[in-house]
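Here the structure is laid out as structure tokens; the discussion comes afterwards.
The numbers here are math on the coordinates, done by the rules we state, and not lab data. Just so it is clear, the structure is predicted and the values come from calculations on it, not from any experiment. Glycine gets a Cβ as well: all are built from the backbone with ideal geometry, and neighbour counts include every protein chain shown.
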Amino acid sequence: RRTVKSNIEIGRACIVKERTKLKDRGSYVGVIVDIDASVDDTTIYVMNDNGVFSTKEHCIITDPIYIGNFYDELKEELVRLKRITRKLLKSMEDAGNLFIRFCYKWDDYVNTNILSKYLDFEIPSKERLEQLKKLTAIQENKKNLLSKYESQIYYIEDLMQDIEMHL
């Protein structure tokens, strides 16, 4: 039977890091409320605002040095994600401008009663339409990626705030 690390005790605030990669979102802050060492692998129960969760002993961080190291890791990841997000937004803006240049003097979504001979536009060629479709698909992928990054930024900022408040 294994023994529990000396710094893991009921009532102690901790960080639970259940995943190796931050993007997997397996980390949270809480308080140890129960320890079940009756099985081969000790189970620790941690409570926070969202409930009581079971985890394994090796996922618990209570040492101030390791907490500081984890916090620094979060800060570095936050800086990296914000840099990537800025580049992605710039890329989306550039692609949006390119789309506008491809569509110069042409809107397919405007309904008008003015006779077409008075309008100054041409219907895009098949080639141009294919370019616009590809550009649209690229932009949609970038939007999805941006949403993923923004969600990850929110998660890390929230986790950092929990660490600052409780540890």
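Relative contact order of the stretch 19-86: what whole-number percent is it, with Cα pairs under 8 angstrom and at least 6 residues apart?
Values: 51 pairs, mean separation 11.2, N = 68.
The normalised contact order for the stretch 19-86 reaches 16 percent.
Of 23/133; 17/90; 56/82; 75/134; 87/126; 75/148, which ones are farther than 25 Å apart at the Cα? Write out the running numbers ahead of the final one.
On the way: 23/133 31 Å; 17/90 33 Å; 56/82 32 Å; 75/134 36 Å; 87/126 31 Å; 75/148 18 Å.
Beyond 25 Å between Cα atoms: 23/133; 17/90; 56/82; 75/134; 87/126.
So, counting K/R as plus one and D/E as minus one, what does the shell of residues with Cβ under 11 Å around residue 26 add up to? Each step should come with its number before you reach the end.
Values: positive: 17, 19, 21, 23, 25; negative: 18, 24.
Summing Lys and Arg as +1 and Asp and Glu as -1 gives +3.
When the Cα atoms of the stretch 6-54 are enclosed in a convex hull and the volume is divided per residue, what value in Å³ results? Mind showing how you got there, number by number?
Working: hull volume 4.4 nm³, N = 49.
Considering the Cα atoms of the stretch 6-54, their hull volume per residue is 91 Å³.
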